[in-house]
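**Student:** The following block contains the structure, expressed as structure tokens.
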Amino acid sequence: METLQSAIDAFIPIDLKEMDAVALLDRTDTKYLFHISKLPLLLQGLQPLYRMLEVKGIRQNKYESHYFDDDNCTFYHMHHNKFGKRFKVRYRKYVDSAISFFEIKKKINTNRTIKKRIPTQEIGCAVTGEEKAFFEKITHLNADVLHPTVRVDYTRLTLVSNDLTERATFDLHIAFKNNGHTKSFDELVIVEVKQNKIDHSSPVIRQLKNMHITEASLSKYCMGVYQLYDNVKKNNFKPQAHNLSKILKNKTWS
């Protein structure tokens, strides 16, 4: 069987400049979860139809997402309570390219994700300056109450369809961190298929279906809060946590 590294190496590369054509900052996201043992076979079936992002010769790119929320974890509870309109606020650092952004992700009732961002130089312990003005303009909320809640580190593989209409990201070696505590999921893969509108004829979606990997909902931020915080509501996320345990224990997802 093909190894993960050989499956990665087989893709034709695409660089960041070329990938700008498929930024998809206003998009639909379709997510899937599975054990990392399935990844080489999945990638092997996609090699002719996608290119893989390569940054400075690196294809397994390291990311840091630093999420912010208030003392009540309002953004977490928006998701937990299934609000149709909700926000996530983060600084994202692309480690290999040494680029960082301050980002606001807005989910709207039509199930679309709209991401707005501005470049930033530093990731601090508060949202200030240009980031504060940017946040308050978009959300009409007070940035002064925000503080770091969860840091999520992971490695990402990014595939771009040959016709530049779709991206698929594969996040692995995921670690949630806060106040010296870490919860790692090294064997979990989270796939997000990013499209202008949902197209189930997508080769990656069809390949996932052929491998009996079904669509699943998961927010890395919310799962990080779930894993690291005791004083938050958790009932609506317990099925997701159970399914994560099932994946990692049985190496299956169905």
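The values are calculated or read from the model by the stated rules, or taken from the named source; none is laboratory data. For clarity, every value in this text was computed on a predicted model and none was experimentally measured. Quick reminder, even Gly has a Cβ in these numbers, built from the backbone with ideal geometry, and neighbours come from all protein chains shown.
**Student:** For the range 75-116, which residues satisfy the criterion of being touching a Cys at 6+ places or on another chain (Cβ under 9 Å) and of a type in the set (S, T, Y)?
**Tutor:** Listed by number, the list holds a single entry, Y76.
**Student:** Which of the residues that make up the range 156-195 are among the β-branched types (V, I, T) and over 19 Å from L33 (Cβ atoms)?
**Tutor:** Keep residues of the range 156-195 that are among the β-branched types (V, I, T), which gives 158, 160, 165, 169, 174, 182, 189-191, 193.
V160, T165, T182 - these are the residues of the range 156-195 that are among the β-branched types (V, I, T) and over 19 Å from L33 (Cβ atoms).
**Student:** Separate question: Regarding the range 46-60, can at least one residue be identified that is of a type in the set (G, A, S), farther than 30 Å from N142 by Cβ and in contact with a strand residue (DSSP E or B) (Cβ under 7 Å, 6 or more places away or on another chain)?
**Tutor:** Initial filter on the range 46-60 (of a type in the set (G, A, S)): 57.
Filter once more, so that each one left must be farther than 30 Å from N142 by Cβ: 57.
Filter once more, keeping what is in contact with a strand residue (DSSP E or B) (Cβ under 7 Å, 6 or more places away or on another chain): none.
No - not one qualifying residue is present in the range 46-60.
**Student:** Inside the range 5-21, can you point out the residues that are modelled with pLDDT under 85 and more than 15 Å from Y50 (Cα to Cα)?
**Tutor:** Selection gives D20 alone.
**Student:** Please indicate, with yes or no, whether at least one residue in the range 109-116 is in contact with a helix residue (DSSP H, G or I) (Cβ under 7 Å, 6 or more places away or on another chain), assigned to a strand (DSSP E or B), touching a residue at least 12 places away in the same chain (Cβ under 8 Å) and loosely packed, with under 13 Cβ neighbours inside 10 Å. Walk me through it before giving the result.
**Tutor:** As a first pass, look at the range 109-116 and keep what is in contact with a helix residue (DSSP H, G or I) (Cβ under 7 Å, 6 or more places away or on another chain): 116.
Filter once more, keeping what is assigned to a strand (DSSP E or B): 116.
Subsequent filtering for residues that are touching a residue at least 12 places away in the same chain (Cβ under 8 Å) retains 116.
Adding the requirement that they be loosely packed, with under 13 Cβ neighbours inside 10 Å leaves none.
Looking through the range 109-116, none of the residues is in contact with a helix residue (DSSP H, G or I) (Cβ under 7 Å, 6 or more places away or on another chain), assigned to a strand (DSSP E or B), touching a residue at least 12 places away in the same chain (Cβ under 8 Å) and loosely packed, with under 13 Cβ neighbours inside 10 Å.
**Student:** Follow-up question, since we're still on this one. Among the residues of the range 85-108, which ones are among the β-branched types (V, I, T), part of a strand (DSSP E or B) and either surrounded by 16 or more Cβ atoms within 10 Å (Cβ to Cβ) or touching a residue at least 24 places away in the same chain (Cβ under 8 Å) (or both)? Spell out the reasoning first.
**Tutor:** Looking only at the range 85-108, we keep the residues that are among the β-branched types (V, I, T), and these are 89, 95, 99, 104, 108.
From what is left, the residues that are part of a strand (DSSP E or B) are 89, 99, 104.
Scanning the range 85-108 gives V89, I104.
**Student:** Suppose we keep only residues that are touching a residue at least 60 places away in the same chain (Cβ under 8 Å) and of a type in the set (K, R) within the range 35-70. Which one would you say is nearest to F176 (Cα to Cα)?
**Tutor:** K62
**Student:** Is it true that some residue in the range 48-68 is assigned to a helix (DSSP H, G or I) and either modelled with pLDDT of 95 or more or of a type in the set (A, V, I, L, M, F, W, C) (or both)?
**Tutor:** Residues of the range 48-68 that are assigned to a helix (DSSP H, G or I), as a first pass: none.
No, there is no match, as no residue in the range 48-68 is assigned to a helix (DSSP H, G or I) and either modelled with pLDDT of 95 or more or of a type in the set (A, V, I, L, M, F, W, C) (or both).
**Student:** Now, a different point. With surrounded by 13 or more Cβ atoms within 10 Å (Cβ to Cβ), β-branched (V, I, T), under 25 Å from H200 (Cβ atoms) and in contact with a strand residue (DSSP E or B) (Cβ under 8 Å, 6 or more places away or on another chain) as the only criterion, which of I8, I14 stands out?
**Tutor:** Unique residue meeting the criteria: I14.
**Student:** Being out of contact with any Cys (no Cβ under 8 Å at 6 or more places or on another chain), without any contact (Cβ under 8 Å) to a residue 60 or more places away in the chain and at negative phi: is that true of K238 here? Reasoning before the result, please.
**Tutor:** Numbers: out of contact with any Cys (no Cβ under 8 Å at 6 or more places or on another chain): yes; without any contact (Cβ under 8 Å) to a residue 60 or more places away in the chain: yes; at negative phi: yes.
In short, yes.
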